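Notes for the one structure printed next.
The values are calculated or read from the model by the stated rules, or taken from the named source; none is laboratory data. For clarity, every value in this text was computed on a predicted model and none was experimentally measured. When we count neighbours, we look across all protein chains shown, and the Cβ atoms used for this are built from the backbone with ideal geometry, even at glycine.
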Amino acid sequence: MGSDSAEIAYVARDGNRPYYYANAHHLDRVPLDPRDMPLIDGRRAGTQLDREGFACLPHASAVGDFTDRDAVAAVYPDEIVALVRAATGADAVIVTAPGIVRFSEASGQAGTRDNSHPARFVHIDQTAETAAQFARLTIPAGQAVRRYAHYNAWRAFSGAPQDVSLALCDMTSVAPDDRIEADAIFDPPGGEPWRFGSWVLAANAAHRWHWFPDLTRDEVLLFQSSDSRDGRAVPHVAFDNRRAPVGCAPRASIEMRCIALWHE
C-alpha cells in the first residue's frame, strides 16, 4: 500500500486519568508517547464504513464558505443527514452539534474560534458510556431504536495537499485494553466548562493506520465514533504530512457529528 509513515501521537500510561480541553491546551494532562507508524493509503485500500469504520465519500456541498457559521447552519446539517443516511442505511440521522472548524497551526487561525485547534493526540470522541448518554438525550421520546451509531463527517476545505492531515485507525485492529479513559473538557469562551468521558489510545504495533492524501473540498471522511452493536469506534489524530511542500496552503477543515438510528 505504499511506504508513507507518520509520527502518531499516542498517549502514555502514567497512572493518572488524562484530561484535555477544547481551547485551554496549556492545562491538558496528556502524556504523549509518539511512535513512527506506517500509513496505508485509504483510497487504494478501499476502506469501508462497516469494516475499518471509515470511508472517503464524494460529496459536493452547497456551502460556499465553511467559515461562515450562518451559511453552514442553514445548509450543511441537512446535507450531512442525507449523506449519512445514504452511507449507512439508517432510518434516521440527527445532527448533534454545530459544525466545528479547525485550522492547522501554520494558518495563524488555530485557536481563534471555539475548539479550532487540530487534535494532536490519538483519541476516540466518546466512550461507549458517553455515547449511550448522548443517545438517550438525543433519541426522540417514545421512539423504539434497535441500534444507534455516532459518526463524524470530516471535510478539508482548504485544498490539496493538507499540511496537517487526519490519520484513522482501522477499528478492527484496536484491542479494548489499548484504550485509556480520559475526560474531554469543553470550555467555550464566556461559558461554563463541561466534560464527558472519552478515550485516548496507548501504542500498539498491531494498529493499522490509514490516511487519504490530497483531499478535495468535494470529499468527506465519514468515520464511526461509537456503535451500540459492538462498541467499536475509530481512533484518529492530526499529524504532520511529510509529503506536503513547504509553503502549501494551511489546512482548514470542518467536522459535523451526528447519530444514526435504526428503528425497531
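Worth pointing out:
- A single entry from Val237, Val164, Val246 fulfils the requirement of being more than 19 Å from the chain's Cα centre (by Cα) and of a type in the set (Val, Ile, Thr): Val246.
- Just so you know, in region 138-154 the residues that are in contact with a Leu (Cβ under 8 Å, 6 or more places away or on another chain) and polar (S, T, N, Q) include one that is modelled with the lowest pLDDT, and it is Gln143.
- Where a residue in region 166-179 is in contact (Cβ under 8 Å) with a residue 60 or more places away in the chain and its partner, wherever it lies, is of a type in the set (D, E, K, R) and surrounded by 21 or more Cβ atoms within 10 Å (Cβ to Cβ), with Cβ under 7 Å and at least six apart: Asp170/Glu52; Met171/Glu52; Thr172/Glu52
- Members of region 114-149 found to be aliphatic (A, V, I, L, M) and in a helix (DSSP H, G or I), listed by number: Ala128, Ala131, Ala132, Ala135, Leu137
- Residue within region 128-136 that is free of Cβ contacts under 8 Å to residues at least 12 places away in the same chain and over 30 Å from Arg13 (Cβ atoms) present: yes
- Of the residues making up region 102-128, just one is within 16 Å of Arg69 (Cα to Cα) and of a type in the set (A, V, I, L, M, F, W, C), namely Phe103.
- Those strands (runs of 3 or more DSSP E) of region 158-212 in which 2 or more residues are charged (D, E, K, R) and either touching a Lys or Arg at 6+ places or on another chain (Cβ under 9 Å) or on the phi > 0 side of the Ramachandran plot (or both) occupy 179-186.
- Scanning region 213-251 for residues that are surrounded by 15 or more Cβ atoms within 10 Å (Cβ to Cβ), in a loop (DSSP other than H, G, I, E, B) and of a type in the set (A, V, I, L, M) returns Leu215, Ala233, Val234, Ala244, Ala249.
- When the strands (runs of 3 or more DSSP E) confined to region 1-100 are screened for residues that are of a type in the set (S, T, N, Q) and either over 30 Å from Glu264 (Cα atoms) or in contact (Cβ under 8 Å) with a residue 24 or more places away in the chain (or both), those reaching at least 1 such residues are found at 5-11.
- Evaluation of Ala110 against (1) assigned to a helix (DSSP H, G or I); (2) of a type outside the set (Ser, Thr, Tyr); (3) free of Cβ contacts under 8 Å to residues at least 12 places away in the same chain; (4) more than 30 Å from Glu264 (Cβ to Cβ) (one fails), failing number: (1)
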